[in-house]
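Asks: This is the structure I want to talk about, given as structure tokens.
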Amino acid sequence: MTAIIGIYLLILGLALGSFYNVVALRVPAGESVVHPPSRCSRCGTRLGAMDMIPVLSYLFSRGRCRHCGVSVSALYPLGEAATGLLFVWVYLQTGITGQLPIGLVLVSLSVIITVADIHYMKIPNKVLLFFLPILVVLIILTPAGSLWSHLGGALAGGSILLLIVILSRGGMGMGDVKLFALFGWVIGFPNVLLALFAACLLGLLYGMILRVAGRNGRGQPIPFGPFLAAGTLIAYGYGSHIISGYLSLIG
Ligand SMILES: [Zn+2]
């Protein structure tokens, strides 16, 4: 039973991930997510069913358009694979409980934000406004702890990032503040602090790798949304273990 549901969620995640790519790339540009149908960005050939099998189409065509040979961004298969795998990961954490839809929605928001922020260097308001009511209602229906923890997470997440925005003067945007308030609402307090710590650590690591590889000139902005999403998912999945392990270490 577990395996069948896992496989189902993997396929669902791969298919939805494909749609999330479309949402992430079209919504910030003010385009419709349903019309027009997907086309090659260079030769304009409309993509057929064979071009739209998540991950596999990309692998079989070696990352190129089958008609004109232009290379297709690796963001597409990565977004699809990440959604599929994370859906299964969430299910392994929650089982079939009220927490499952919350986890799946959290992953969905994370993937869309990550692709959009990498591509446009901004976190689209429309996406946040779409997910806000869904996550508010789901958490009120099945909170993971007390509702105060969720409220505290939203307040802490939003206010700490707001402080960082003010102090860093442009290093981060208001989109990050709103996103992290929403993430904080989902994972609650004190998980939100762990999420921010993990996000900063990952961001720092990434910046160091870029510098070592000589890829990044100083002051070139790095989108922070993907790191906030990664930190949030880490805290969502392992927060209670990490925090209790840490407390027993210092206690
Ligand atoms: Zn083409």
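The values are calculated or read from the model by the stated rules, or taken from the named source; none is laboratory data. Owing to the predicted nature of the structure, the values given are computational and were not obtained by experimental measurement. All Cβ positions, glycine included, derive from the backbone under ideal geometry; neighbour counts span all protein chains shown. Heads up: the accessible areas ignore ligands, DNA and RNA and are worked out on the full protein's heavy atoms, side chains in. Shrake-Rupley method; radii C 1.70, N 1.55, O 1.52, S 1.80 Å.
Asks: Would you confirm, using the coordinates I've provided, whether GLY158 is under 18 Å from the mean Cα position of the chain (by Cα), on the phi < 0 side of the Ramachandran plot and at pLDDT below 95?
Replies: Spelling it out, it is not the case that GLY158 is under 18 Å from the mean Cα position of the chain (by Cα), on the phi < 0 side of the Ramachandran plot and at pLDDT below 95.
Asks: Quick one: would you say ALA15 is in a helix (DSSP H, G or I), closer than 23 Å to LEU92 by Cα and without any contact (Cβ under 8 Å) to a residue 24 or more places away in the chain?
Replies: no
Asks: In the range 139-162, what residues are surrounded by 15 or more Cβ atoms within 10 Å (Cβ to Cβ) and either part of a loop (DSSP other than H, G, I, E, B) or of a type in the set (D, E, K, R) (or both)?
Replies: PRO143, ALA144
Asks: Within the set of pairs 6+ apart or on separate chains, which have a first residue in the range 34-53 that is over 12 Å from ARG66 (Cα atoms), a second that is open to solvent by 100 Å² or more (accessible area, probe 1.4 Å) and within 14 Å of the ligand (Cβ to nearest atom), and C-beta atoms under 9 Å apart?
Replies: PRO36/ARG46; PRO37/ARG46; SER38/ARG46
Asks: With respect to the numbered conditions (1) within 16 Å of the ligand (Cβ to nearest atom); (2) small (Gly, Ala, Ser); (3) surrounded by 13 or more Cβ atoms within 10 Å (Cβ to Cβ), which one is the sole condition not fulfilled by ALA81?
Replies: ALA81 satisfies all of (1) within 16 Å of the ligand (Cβ to nearest atom); (2) small (Gly, Ala, Ser); (3) surrounded by 13 or more Cβ atoms within 10 Å (Cβ to Cβ) except (1).
Asks: In contact (Cβ under 8 Å) with a residue 24 or more places away in the chain, more than 23 Å from LEU75 (Cα to Cα) and surrounded by 11 or more Cβ atoms within 10 Å (Cβ to Cβ) - does that describe any residue in the range 217-227?
Replies: No.
Asks: Can you tell me which of (1) closer than 25 Å to MET1 by Cβ; (2) of a type in the set (Gly, Ala, Ser); (3) not assigned by TED's automatic domain parsing to the domain that holds CYS40 is the one SER159 doesn't meet?
Replies: Unmet condition: (1).
Asks: I would also like to ask the following. Considering only residues of the range 17-73 that are away from the ligand (no atom under 11 Å from the Cβ) and among the basic types (Lys, Arg), which is surrounded by the fewest Cβ atoms within 10 Å (Cβ to Cβ)?
Replies: Looking only at the range 17-73, we keep the residues that are away from the ligand (no atom under 11 Å from the Cβ), and these are 17-38, 48-50, 52-60, 62-63, 73.
After this cut, where a residue has to be among the basic types (Lys, Arg) as well, the list is 26, 62.
On the way: ARG26: 17, ARG62: 10.
Step by step, filter the range 17-73, then rank; the result is ARG62.
Asks: Considering every residue within the range 71-78, establish whether at least one is assigned by TED's automatic domain parsing to the domain that holds SER32, within 11 Å of the chain's Cα centre (by Cα) and on the phi < 0 side of the Ramachandran plot.
Replies: No, there is no match, as no residue in the range 71-78 is assigned by TED's automatic domain parsing to the domain that holds SER32, within 11 Å of the chain's Cα centre (by Cα) and on the phi < 0 side of the Ramachandran plot.
Asks: Do we have any residue at all in the range 30-37 that's modelled with pLDDT of 90 or more, of a type in the set (S, T, N, Q) and part of a helix (DSSP H, G or I)?
Replies: Looking through the range 30-37, none of the residues is modelled with pLDDT of 90 or more, of a type in the set (S, T, N, Q) and part of a helix (DSSP H, G or I).
Asks: Can I ask one more? Of a type in the set (Ser, Thr, Tyr) and without any contact (Cβ under 8 Å) to a residue 12 or more places away in the chain: which single residue out of SER71, SER108 fits that description?
Replies: It is SER71.
Asks: Tell me which residues, restricted to the range 84-97, are open to solvent by 70 Å² or more (accessible area, probe 1.4 Å) and outside any helix (DSSP H, G or I).
Replies: Step one: list which residues in the range 84-97 are open to solvent by 70 Å² or more (accessible area, probe 1.4 Å), which gives 85, 92-93, 96.
Passing the criteria: only ILE96.
Asks: Any residue at all in the range 125-138 that is assigned to a helix (DSSP H, G or I), open to solvent by 30 Å² or more (accessible area, probe 1.4 Å) and among the charged types (D, E, K, R)?
Replies: Yes - at least one qualifying residue is present in the range 125-138.
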